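To start, the structure itself, in C-alpha cells.
Read the figures in this text as sums done on the coordinates, not as results from a lab. On a predicted model such as this, the values are computed, not experimentally measured, just so you know. Ideal geometry is used to build each Cβ from the backbone, glycine not excepted, and the neighbour counts take in all protein chains shown.
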Amino acid sequence: MTGRNARTIKVDNEVSKLSNKEIETLEELTPVCESQNFIAPKSLNKSEKVIWDDLVKILKSIHGSYISDADIMTMEIYCKNKAEYDKACKDWEKNPEMYIKVGSGNYEFDGTEKIQLKTNPAYTIKRDFSKIMLQYLDQLGISPLGRARQGRQATNNKKQEAREKLMKIFDRTED
C-alpha cells in the first residue's frame, strides 16, 4: 500500500500469532478510516467517559476494524447504555432475587395484607440494557457475530475484486 492509503498495522505476534502473509493480507483487506481520534462527546458524564476509554482501547485493538470517527454516535449510545446497565447490576447485587414481594393494598379477612410477586425492576433494567448493548457491540464489530460479519464482508470484497480482474482479462462485462 502506498500513498494516501498507506498505513501500518501494529501486530503483537506473541498474542495474535499471525504470519507475515496474514499480516499483509490483513493490511490489504482493512479499509482505511480517514480518522480514528475517537474524541469523547461532551454529553458523556464521568462514568460514561471511563466506559468510552475502555471501548476505544478495544476498538483500536481489533484488527480490521471498520470503525472510525463517523461511528461516534453509535459509540456514545453504547456508553450511555453500558452505564445504565452497570447501575442496574449494582442494584441487582443489593437484592438478587428475580421476584420481589410487594404489598397489594388488599387485605385478608384476618387483616393481613395480600402480597404480590413482581419482577425485580433491577433485573428488568439489566436485561433490557444488556440486549441494547449487545446490538451496539454487534454494530461496532466487537461481538463475535459482528467480527464474523466484517470478516465475511472482507472476503466477499476480495472475491468481487478477483472476479472483476478476471472479467477485465477476458474483456467481458457482467450481463
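For this structure, a couple of remarks:
- Net charge in the neighbourhood of Leu134 (other residues with Cβ under 12 Å of its Cβ; Lys, Arg +1, Asp, Glu -1) is +1.
- Shown for Thr119, Thr112: other C-beta atoms within 10 Å of each C-beta, ranked fewest to most, produce the order Thr112, Thr119.
- Listed cross-link partners Lys21/Lys80; Lys42/Lys87; Lys49/Lys118; Lys60/Lys94 are compared with a 31 Å cut-off, the Cα-Cα value being larger for Lys21/Lys80; Lys49/Lys118; Lys60/Lys94.
- Neighbour-count order for Tyr107, Tyr78, Tyr123, fewest beta carbons within 10 angstrom listed first: Tyr107, Tyr123, Tyr78
- You can think of it this way: the chain between Ser61 and Ile115 has 14.3 nm of extra reach, that is 0.36 nm per residue less the Cα-Cα gap.
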